[in-house]
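The block underneath contains the structure these notes are about, expressed in structure tokens.
The values are calculated or read from the model by the stated rules, or taken from the named source; none is laboratory data. Small disclaimer: the values here were computed from a predicted structure and weren't measured. When we count neighbours, we look across all protein chains shown, and the Cβ atoms used for this are built from the backbone with ideal geometry, even at glycine.
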Amino acid sequence: MRIDRNKIGLILLGLYFVQYFYTLKFDFLENLQSDSTYRHWSGLVLFLLILHQWLLPLYRVVYDMKEDVLEKKVNIHNWVGVVSPLVFFLHSANPGFGLLIILTVIFFINYSFGLLNLIDSLKQHVRILRIGIAFHILFSVTLLMLTFLHIWLVFYYN
């Protein structure tokens, strides 16, 4: 049985937005997220996940890999991306306001473009796929820069 990454991704995306817009509260998670030590460690995990996603472009640019090895790296990249809303949720169920809401919006827009790139029927339309990948890269760069800014602000003001 083949597991459909898109379905899992859409379910995780939907669940995040349902809990956010319906302001569902999980007391255990709220208590954890109110602890600065938990926030720092969960933020580190989320940051490492974001950095891990940058390994794929590094592999593509620096290393001359065989197609099957590159396909395996792309598969890992896609799976890590698909589960990223879960890690994001564990770090921050409620993104807040200001920079954090911008960071959240960029994260989920980038996530959505990543999911679009997984749709098999779009792979026939090379132009649409290239535009989707271009936006995915643009939002990935923006996400990384805003993440560095967020980390700097967290440690500067704490």
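The lone criterion from (1) assigned to a loop (DSSP other than H, G, I, E, B); (2) within 23 Å of F107 (Cα to Cα); (3) not charged (D, E, K, R) left unmet by N6 is number (1). Before we move on, is L46 under 24 Å from M145 (Cβ atoms), in contact with a helix residue (DSSP H, G or I) (Cβ under 6 Å, 6 or more places away or on another chain) and not aromatic (F, W, Y)? Here the answer is yes, as L46 does meet what is asked.
Here's the yes/no breakdown for (1) among the aliphatic types (A, V, I, L, M); (2) touching a Phe, Trp or Tyr at 6+ places or on another chain (Cβ under 6 Å):
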residue: R39; (1), (2): no, no
residue: L49; (1), (2): yes, no
residue: E67; (1), (2): no, no
residue: H91; (1), (2): no, no
residue: V105; (1), (2): yes, no
residue: F108; (1), (2): no, no
residue: G132; (1), (2): no, yes
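The sole residue among L70, L49, L100 that is surrounded by 13 or more Cβ atoms within 10 Å (Cβ to Cβ), assigned to a helix (DSSP H, G or I) and modelled with pLDDT under 90 is L70. If the condition is being loosely packed, with under 11 Cβ neighbours inside 10 Å, of a type outside the set (D, E, K, R) and in a helix (DSSP H, G or I), then the stretch 23-35 contributes F28, N31, S34.
Pairs meeting the criteria (first residue in the stretch 59-79 and closer than 25 Å to Y111 by Cβ and in contact (Cβ under 8 Å) with a residue 12 or more places away in the chain, second residue β-branched (V, I, T) and in a helix (DSSP H, G or I), beta carbons under 6 Å, at least 6 apart or on different chains) are lacking. Residues in the stretch 56-67 that are assigned to a helix (DSSP H, G or I), of a type in the set (A, V, I, L, M) and over 20 Å from the mean Cα position of the chain (by Cα): V61, V62.
For the stretch 79-97, the tally of residues that are touching a Gly at 6+ places or on another chain (Cβ under 9 Å) and either buried (at least 16 other Cβ atoms within 10 Å of the Cβ) or not in a helix (DSSP H, G or I) (or both) stands at 6.
Among the conditions (1) part of a helix (DSSP H, G or I); (2) under 30 Å from Y22 (Cβ atoms), I76 misses just one, which is (2).
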